[in-house]
Amino acid sequence: MKWDATIAALIARLEADTELITLLGGPHIYRRDEVREPHFPSVTYTIVTSVLTETMEPVITQWDIFAGSMSQLVAIERRLRRLLHWVGWRDVGGVMLSSVYEESRDHPPPAPGRWHRSLDFRHQPVRDRGW
């Protein structure tokens, strides 16, 4: 099972990025439903699905951006894509994985003057053979 290590490695990658933390005004990265009211700006994440195959353990994640303006939302989305999308394999926090952007979508505003958008990524950690 690799989804837990994958998420931990990705969160550590995001939290170590000073540009993203500056855009968020602090380390406002939460597991979905961890907070009742989203902080603006912030990012929440959830695992959409995880699967076992012969050699991989693909994990699809959804990253929700909550922002106070369209420009803030675009800047955060741009940074998340830079941090979570790459071609090929990388060691991220001790987990060898590939990570690609899948799709995105808008959501109704959670409050007047607020923005909400989701991004989906497919992460493919190499499976442990001992499982």
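Things worth noting here:
- Lone qualifier among Ala75, Ala111 - being of a type in the set (Gly, Ala, Ser) and over 15 Å from the mean Cα position of the chain (by Cα): Ala111
- Within segment 101-114, being assigned to a strand (DSSP E or B) and surrounded by 13 or more Cβ atoms within 10 Å (Cβ to Cβ) holds for Tyr101, Glu102, Ser104.
- As a summary of the residue check, Val87 satisfies the conditions (1) farther than 21 Å from Val48 by Cα; (2) of a type in the set (A, V, I, L, M); (3) open to solvent by less than 80 Å² (accessible area, probe 1.4 Å) except for the one numbered (3).
- Exactly one residue out of Arg117, Arg79 is in contact (Cβ under 8 Å) with a residue 12 or more places away in the chain, out of contact with any strand residue (DSSP E or B) (no Cβ under 8 Å at 6 or more places or on another chain), open to solvent by less than 60 Å² (accessible area, probe 1.4 Å) and among the basic types (Lys, Arg), and it is Arg79.
The values are calculated or read from the model by the stated rules, or taken from the named source; none is laboratory data. In this text, all values refer to a predicted model and were calculated from it rather than measured experimentally. Methodologically, a virtual Cβ is constructed for each residue, glycine included, from the backbone with ideal geometry; neighbour enumeration extends over all protein chains shown. Surface accessibility is based on the protein's heavy atoms, side chains included, excluding ligands, DNA and RNA. Shrake-Rupley method; radii C 1.70, N 1.55, O 1.52, S 1.80 Å.
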